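What follows is one structure encoded as structure tokens, with my remarks underneath.
The values are calculated or read from the model by the stated rules, or taken from the named source; none is laboratory data. All values reported here derive from a predicted model rather than from experimental measurement. Neighbour counts run over all protein chains shown; Cβ positions are idealised from the backbone, glycine included. Accessible surface is based on the protein model in full, side chains and every heavy atom, while ligands, DNA and RNA are left aside. Shrake-Rupley method; radii C 1.70, N 1.55, O 1.52, S 1.80 Å.
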Amino acid sequence: MKFAKQFAWGLAAVAMASITTLGHAADPVTDKKPGAKPLGGAALLQLDDGRSGKGNLIATTGIRGFSKPPAVAAHALIMTIGDYQGNIPKLKGVPFDTATATEIARRMGVPQANIRALSDGQLTLEGMRKAFDELESKLGGDDQVFIYYSGHGGRQLVQEEGVERCAESLITVEGQPFTDAEMEDRLKRLSAKSQKTIVFLDACHSGGVTTRSVGNAPFAPKSYTAGQSCVKPTNMLTRSINAPKPAGSGGANFVHIAAARDSEVSLDQPGRGGVASQAWLACLAGAAKDTDGSGGLSAGEIQACAQDRINDKLKNVQGFLPHHVSVNGNPSMVLSYAAKDTGVAAPAPALAPAPAAVPVPLANVGVVAAPAPAAVPVSAPAAPVAKPSTLAALQDIYNSRDDRRLVTLTAAKPALKIGVDTVDFTLTSREGGYVYLVMVGSDGETFDLLFPNQIDRNNMIEPGGTMRLPRPAWQLSAEGPPGKNTLLAIVTDNPRDFSSAGLKPAGPFSVVDAVAAKDIQLVTVGAARPADAECANPASTRNLSIKKRCSTGYAAALLTIEEVR
């Protein structure tokens, strides 16, 4: 049950229980046929189900994957290299990854206009460096960034400040290494100017532990050694990501997704693209399960789905073992949201070899693919989904906070005696803003917006300020039964309207059932706010007041208070 909430209102006592374009936006996938309409990346979800080699395709109709609402401050840089120069092995599936990555970006809330796609000859070492420079110049401080690379990865000995080490790297079109150390430096600079940085690298980490034989197999390892090869890497990027970081430092704002472990190769499928990229997109499009019922899909939940699909795709492929998608940084960060439907999950398309499509050259995108033949609907058993969970939703909100910000929430007493004690806690905020307090009681059935409320609407706190809650006009008292109550404090730069999540008045407070788990998250991250034209202009967000109006970032703190006899 929830706390009994008691309010003094006058003399009466009321008792209640989300790359501004760095050049041109990525072009959509188009059909080769004259006069054909452009096709979105969703065409890539028409995947062969592998039945008896007949090439049956599973229709996307009925897939209820949720696309995150577009955010004007979300940007994507997509880099794909398949047509390597010289004697570097070409990767015939990589041209298809541009459309795959574009669809991934769009499903994570990146507007089409904010996606820049570079390929092949555009991605020399200097071209790649320039792309990062231009991306950095567009960021205003509250942005969300998605960086994608598909191509060869490699290991080679490098000299850095007179010391030799084994480095991991991305291989540029001319065969130069873009090393882990340089990537680490670039990402640190980007992360300082953005609230979320998500990196997806569909490239090999080594030369072939999982490759038993290649021959004429339908897959190719994405591995190439530039310079003198080595075996055991000293990975600067991963080491930096996994280093302990204090709260408020920004350490939880980063997710690094790798298509394979550092002892494995990732695989390229001619005519379809990276195996890991295909799997990740399918999971975002409806295959991933919201295993905890939070309403959000975390990087870890999507990873588990993608790995299952990779295992299934490669289990009977001669010459290869499945590679393993790895997630470093914050695996609990929410990257998208579960479908609104409840009861059963939509059947997911299977990952299996599909008929090759025809490459079509497009300006500024490189070579992308015309879609496979029209889909043939195929039935598949539905899987049960988790019951909506209020506690899991609060945890998702906390795990997806802007970790550069700091808020604390402490209770005078961690345990309250039923029928005797009242709640008394203190909130501090380093950055200041608008304070919201959401509670889930021990029954876990509802979200209660305790503050602001009909009695007390003054929810502003100054930077470095302290707020004591509840205030004299309203109180929270321990009335049982015994159990734990969880409170989430949120501090935002601009107001949030939680009524759009379905909260209804309950006396001076507001309440909504657990089914609103996803909607509570969407309001918190600012997805319910209409896009403002000035927010799309990076120059305007240099102005502090405009920057705060456009901000979607928030600080968060969790507190558990136990009621005891």
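Which condition number in (1) part of a helix (DSSP H, G or I); (2) under 27 Å from ARG272 (Cβ atoms) is the one that SER137 fails?
Only one criterion is unmet by SER137, namely (2).
Look through the stretch 407-418, keep the residues that are crowded, with 18+ Cβ neighbours inside 10 Å and under 30 Å from the mean Cα position of the chain (by Cα), and return whichever of them is nearest to SER545 (Cα to Cα).
VAL407
Of all the residues that make up the stretch 196-222, how many are open to solvent by less than 60 Å² (accessible area, probe 1.4 Å), over 30 Å from ALA555 (Cα atoms) and either part of a loop (DSSP other than H, G, I, E, B) or at pLDDT 85 or above (or both)?
Within the stretch 196-222, residues that are open to solvent by less than 60 Å² (accessible area, probe 1.4 Å), over 30 Å from ALA555 (Cα atoms) and either part of a loop (DSSP other than H, G, I, E, B) or at pLDDT 85 or above (or both) number 10.
Of all residues in the stretch 154-195, count the ones that are open to solvent by 60 Å² or more (accessible area, probe 1.4 Å) and on the phi > 0 side of the Ramachandran plot.
2
Which residue pairs have Cβ atoms under 8 Å apart, sit 6 or more places apart or on different chains, and have a first residue in the stretch 449-465 that is farther than 18 Å from GLY507 by Cβ and a second that is polar (S, T, N, Q)?
Once the first residue is farther than 18 Å from GLY507 by Cβ and sits in the stretch 449-465, its partners that are polar (S, T, N, Q) give ILE461/SER429; PRO463/SER429; GLY464/THR428; GLY464/SER429; GLY465/THR428; GLY465/SER429.
Could you count how many residues in the stretch 271-314 are among the hydroxyl-bearing types (Ser, Thr, Tyr) and part of a helix (DSSP H, G or I)?
Of the residues in the stretch 271-314, 1 are among the hydroxyl-bearing types (Ser, Thr, Tyr) and part of a helix (DSSP H, G or I).
Of everything in the stretch 330-344, what is under 28 Å from GLN269 (Cα atoms) and either open to solvent by 30 Å² or more (accessible area, probe 1.4 Å) or at pLDDT below 85 (or both)? Give them in sequence order.
PRO331
Would you call ILE490 modelled with pLDDT of 90 or more and either hydrophobic (A, V, I, L, M, F, W, C) or under 14 Å from VAL438 (Cα atoms) (or both)?
In short, yes.
Residues are listed down the side, and each one gets a yes or a no for (1) surrounded by 16 or more Cβ atoms within 10 Å (Cβ to Cβ); (2) modelled with pLDDT under 95; (3) under 26 Å from the mean Cα position of the chain (by Cα); (4) not in a helix (DSSP H, G or I):
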position	(1), (2), (3), (4)
VAL376	no, yes, no, yes
TYR398	yes, no, yes, no
ASP403	yes, yes, yes, yes
VAL420	no, yes, no, yes
LEU427	yes, no, no, yes
VAL435	yes, no, yes, yes
MET467	yes, no, no, yes
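Checking ASN453 against (1) outside any loop (DSSP other than H, G, I, E, B); (2) of a type outside the set (Phe, Trp, Tyr); (3) open to solvent by less than 10 Å² (accessible area, probe 1.4 Å): exactly one of these is not met. Which one?
(1)
So which residues in the stretch 303-329 are among the basic types (Lys, Arg) and surrounded by fewer than 19 Cβ atoms within 10 Å (Cβ to Cβ), if there are any at all?
Across the stretch 303-329, the qualifying residue is only LYS315.
Every residue, every condition in (1) among the aromatic types (Phe, Trp, Tyr); (2) under 25 Å from ALA288 (Cα atoms); (3) open to solvent by less than 40 Å² (accessible area, probe 1.4 Å); (4) at pLDDT 55 or above, yes or no:
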residue	(1), (2), (3), (4)
THR61	no, yes, no, no
ILE81	no, no, yes, yes
PHE96	yes, yes, yes, yes
THR102	no, yes, yes, yes
ALA105	no, yes, yes, yes
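Given the criteria hydroxyl-bearing (Ser, Thr, Tyr), open to solvent by 20 Å² or more (accessible area, probe 1.4 Å), in a loop (DSSP other than H, G, I, E, B) and at pLDDT below 75, does THR225 qualify?
yes
Inside the stretch 118-152, can you point out the residues that are hydroxyl-bearing (Ser, Thr, Tyr) and within 22 Å of the chain's Cα centre (by Cα)?
TYR148, TYR149, SER150
Can you spot a residue in the stretch 272-293 that is farther than 30 Å from ASP83 by Cβ and open to solvent by less than 10 Å² (accessible area, probe 1.4 Å)?
Yes - at least one qualifying residue is present in the stretch 272-293.
Restricting attention to the stretch 502-522, does a residue exist that is modelled with pLDDT of 90 or more, surrounded by fewer than 21 Cβ atoms within 10 Å (Cβ to Cβ), of a type in the set (Lys, Arg) and not in a helix (DSSP H, G or I)?
Yes - at least one qualifying residue is present in the stretch 502-522.
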